[in-house]
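Scroll down for the structure; my scribbles are underneath it.
Quick note: the coordinates plus some simple rules give every number you see, no bench work behind them. Just so it is clear, the model here is predicted, and its values are computed rather than measured. In this analysis, Cβ positions are derived from the backbone assuming ideal geometry, glycine residues included, and neighbour counts consider all displayed protein chains.
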Amino acid sequence: MDTNTKAKNENPVISLDGVSKWYGDFQALKDINLDINLKEKIVICGPSGSGKSTLIRCLNRLEAHQEGKIHVSGIELHETMKDVDIVRQDIGMVFQNFNLFPHLTVLENCMAGPNWVRGIDKKEAKERAIAMLKQVKIPEQADKYPDQLSGGQQQRVAIARSLCMQPKVMLFDEPTSALDPEMVSEVLDTMVELAKSGMTMICVTHEMGFARQVADRIIFMADGEIVEQNTPDEFFNNPKSDRTKTFLDQILI
Amino acid sequence: MFVDTVIEDKSLHKPAFLLGLSVAVLIFFFAFNFTDTVFGELLSPVIGNPKESGFFGRLVVSFVLSAIFVLNLFAISFARLRVQIFIVWIELFLLFLAFAFSFDLKFSFIQSKIGLMVSKGLFTTIYISAVSIVIATAIAIVGAIAKLSNNGFAYAIASFYTSLFRGLPLLLQVYLIYKGLPQLGFMVDAIPSGIAALSLCYGAYMTEIFRAGIQSIPKGQWEASRALGFRFSLILRKIILPQAIPIIVPPTGNQFIAMLKDSSLVSVLGIWELMYMAKTLGQRDFRHMEMLLTAAMIYWGLTIILEMIQARIERKYQQKT
């Protein structure tokens, strides 16, 4: 496919080679082949149960795949790997339900990673945390606890917490699905800014406006397979498969 | 708990209920015949000699008692909730005292023994309980982690341990350790065996409490921590346990309180703790009730102190989250 020509020129930061995964008898991922380059923005969409969340959770090995190979920065993810924590420190992840640490303040949430596992001293970790909270535009909430914030604010803190680790790649697993409608845009705006700054991003989302705006490539998944991947223009204006057309019809009403 | 915003009519303000209650209480007092007690004597101007008052005296006494009882309830029902609780507490406590005094206690006897009971018995009880609590907590943390781990050996050992020590009566464990170990060639003193039995038994219960507390923390907390590249021990220490402690504290407090009282079981080993002192000090002079009631009040007082500490800790953690 011509959209993948870029991948052949560079060293991909993440590469999947024939990845399959089963939950018991149910096959959640079927022979996934995918290369993701540095600074690339990928949006993964598809109907529920299509395996998109499973796929993204395999990339930092929150889920285990059974067949095929996943490489992150050249390191293969497998069952007996010793340095999975090192790999994970370089991959930020934002969850649907934020998963902030409720017993820590916003600032402490952001300082935890750098201070505890990167070995950065408290003073520097704090400076970095404040800088990142400024970037997501909520530095004034630094001393509050997560449950004192709105959903949108919590999700932005979650993004800041990941950014404090200075990751190479950011994974977003339906970051706006648990939000009230009026809070979706503030999170998407933050993600657009992040995209502009050159971060490598892989987003599972149904926000097609966001996809059109920032994605280099849109991947459409159904039944555990990659059905189609293309540039946003081609994907929306000229979908190739019938499944994609049906999906777009349903989602773009 | 959710208290409904709609207030129901108080049953005590309904004539039918009051009447029914009065009749029931009257029957109760009549059936148990309080004519021979202090109440009969107080009413002697009305009924004459209580012993010869017969049916009339019995009826008058029970009528007066039930009237006092029902009027008391009726009066209390008008007070505010906190006042109600306070008054009922005081009244129940007075009843308890009346019950205690009905034994014809000799207070000079209590006075002469209480020094020894507190200095020796109370001290030993607190010492045994405190050491056992610390050891049991340590066992519980290790046990809970073992039960949650993927390590087959750790899980098997921990679950065997909790099964065994939750499955045997504590008194039996006390005997098994104290009498059994010397036969295997290990001489153990009474106090260490008592502490061992209490720690092992309560460690097993608390293992389950700690495990449940840790498991109640949402999976997302683990995932977020893992995604940040945290190691297992770091996640447990910094993320999971701080959140699990507020959940663990109330049932653990109950265990502490239960253990304090179960420490009385080691009296069978001849350890001079509170229960043993209560039994032996009273025996010589046939003054059992004096010593037993004194010990009862000391245990009760200790429990109230522990409950207050528990409430404080719970409040502290509630503020934080």
For the Cα atoms of chain A, what angle does the longest principal axis make with the long axis of helix A:242-251, in degrees from 0 to 90, nearest 10?
-> 40
Restricting to Cα pairs under 8 Å and 6 or more apart, the percent relative contact order of chain B works out to 18
Report, as an integer, the average count of C-beta atoms from other chains found within 10 Å of each Cβ along A:160-167.
-> 2
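Calculate the all-directions average of the projected area of segment A:176-234's alpha-carbon convex hull, and give it in nm².
Computing the convex hull of the Cα atoms and averaging its projections yields 4.6 nm².
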For the pair A:Asp233 and A:Asp180, the simple spin-label estimate (label points 7 Å beyond Cα toward Cβ) gives in nm 4.0
Any chance you could list the semi-axes, whole Å, largest first, of the equivalent ellipsoid that the Cα gyration tensor gives for segment B:232-321, using √(5λ)?
-> 39, 15, 6
Among the trypsin sites (Lys or Arg not before Pro) in segment B:43-101, which ones are in a DSSP loop with at most 13 other Cβ atoms within 10 Å of the Cβ? Mind listing them?
-> B:Arg80
The protein assembly as shown: antiparallel bridges as % of DSSP beta bridges, rounded to 5, reads 55
Kirkwood Rh in Å, taken over the protein assembly as shown so that all alpha-carbon pairs contribute = 30.3
Quantify how strongly other chains surround peptide A:109-115 by giving the mean number of their Cβ atoms within 10 Å of each of its Cβ atoms.
-> 2
Zone residues, segment A:14-49, relative to A:Asp83, backbone N less than 18 Å from point 7 Å out along Cα-to-Cβ | A:14-15
Is any helix in chain B, taking whole DSSP H runs, at least 27 angstrom long along its axis by alpha carbon and on average at least -1.0 on the Kyte-Doolittle scale, and which ones?
-> B:54-76, B:81-101, B:123-148, B:190-215, B:241-262, B:288-320
Modelled label-to-label distance, B:Gln84 and B:Lys279, 7 Å Cα→beta-carbon offset: nm?
-> 4.4
Compactness ratio of segment B:133-273: Cα Rg over 2.2 N^0.38 Å, N = residue count?
-> 1.20
Kindly put B:Asp9, A:Asp35, A:Asp173 in sequence by how many other C-beta atoms sit within 10 Å of each C-beta, fewest to most.
-> B:Asp9, A:Asp35, A:Asp173
Helix-only mean residue ellipticity at 222 nm for chain A, each DSSP H run of n ≥ 4 adding -39500 (n - 2.57), per residue, nearest 500 = -11000 deg cm²/dmol
Write down, largest first, the equivalent ellipsoid semi-axes of segment B:11-101 in whole Å, where each equals the square root of 5 times an eigenvalue of the alpha-carbon gyration tensor.
-> 27, 17, 10
With Cα springs under 10 Å, the Gaussian network model of chain B assigns the largest mean-square fluctuation among B:Trp272, B:Trp300, B:Trp222 to B:Trp222
Projected-area mean, chain A, by convex hull of Cα positions, square nanometres | 14.0
If each part is reduced to its alpha-carbon centroid, segment B:37-63 and segment A:181-253 end up apart, in Å, by 93
Fewest to most neighbouring Cβ within 10 Å: what's the order for B:Arg315, A:Arg88, A:Arg61?
-> B:Arg315, A:Arg61, A:Arg88
Work out the mean other chain Cβ neighbour count within 10 Å for the residues of B:229-241 and drop it here as an integer.
-> 4
Between the DSSP loop rule and a limit of at most 14 other Cβ atoms within 10 Å, which trypsin sites (Lys or Arg not before Pro) in segment B:113-174 are left?
-> none
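With a cut-off of 8 Å between alpha carbons and a minimum separation of six or more residues, what is the relative contact order of segment B:11-101 in percent?
Relative contact order for segment B:11-101 comes out at 28 percent.
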What is the calculated FRET efficiency for A:Ile251 to B:Phe2, with r their C-beta to C-beta distance and R₀ = 45 Å, to the nearest 0.05?
-> 0.65
Describe numerically, in nm with one decimal, the distance between label points set 7 Å from Cα along Cα→Cβ at B:Ser108 and at A:Asn11.
-> 9.7
Set the Förster radius R0 to 25 Å, insert the Cβ-Cβ distance between B:Ser22 and B:Leu95 as r into 1/(1 + (r/R0)^6), and round the FRET efficiency to 0.05.
-> 0.80
Between the DSSP loop rule and a limit of at most 15 other Cβ atoms within 10 Å, which GluC sites (Glu not before Pro) in segment A:57-138 are left?
-> A:Glu79
Normalised convex hull volume, chain B, alpha-carbon set, Å³ per residue | 219
Taking A:Lys245, A:Lys21, A:Lys123 and counting other beta carbon atoms within 10 angstrom, the fewest-first order is A:Lys123, A:Lys245, A:Lys21
